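The next block holds one structure in the form of structure tokens; read it before the comments.
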Amino acid sequence: MICEWCESDAARESSNTVYWELPDGTKAIEIQDTPSIHCMECGMTYQTDSTVNEIEDQLFLIDTSKLDKSMKYETLMEAPRLLKRNYFDFAK
């Protein structure tokens, strides 16, 4: 796997805790065990564009008032959606 930051081939899949601001800006939540990439060369840990889009879409489509301050990635992604998809994402 190639690191998006330093272009080394020392990047590996990992899972990390991340902090995400809710779409309405009212608070941030902790998301544990989030799929990530960690580069052994430069030390950078990041989420792929796909993972970022999945999290942002999910937070836009669920009732965020019912979220705990901290949760696992899997729990967040399994939360029931109010809409089927993000109708405001015109890139899809």
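A few notes on this one:
- Charge dipole magnitude, Cβ of K and R +1, D and E -1 - the chain, Cα centre, debye nearest 20: 420
- The chymotrypsin sites (Phe, Trp or Tyr not before Pro) of segment 9-76 include none that meets both criteria, a DSSP state outside H, G, I, E and B (loop) and at most 14 other C-beta atoms within 10 angstrom of the site's C-beta.
- Were the residues from residue 83 through residue 13 laid out at 0.36 nm apart, the gain over their Cα-Cα distance would be 22.1 nm.
- Compactness index (Cα Rg / 2.2 N^0.38 Å), the chain: 1.19
- Portion, in percent, of the accessible area of the chain that falls on carbon or sulfur, probe 1.4 Å: 50
- Per residue accessible area of the chain, 1.4 Å probe, in Å²: 68
- Helix 49-61 axis, angle to the chain major axis (alpha carbon atoms, nearest 10°): 10
- Partners for residue 27 among aspartates and glutamates (Cα-Cα distance below 16 Å; same-chain residues under 8 apart left out): 56, 63, 68
The values are calculated or read from the model by the stated rules, or taken from the named source; none is laboratory data. Keep in mind that this is a model prediction, so the values were computed, not measured. Positions of Cβ are generated from backbone atoms using ideal geometry, with glycine treated the same way; all protein chains shown enter the neighbour counts. Side chains included, ligands, DNA and RNA excluded: accessible areas come from the protein's heavy atoms. Shrake-Rupley method; radii C 1.70, N 1.55, O 1.52, S 1.80 Å.
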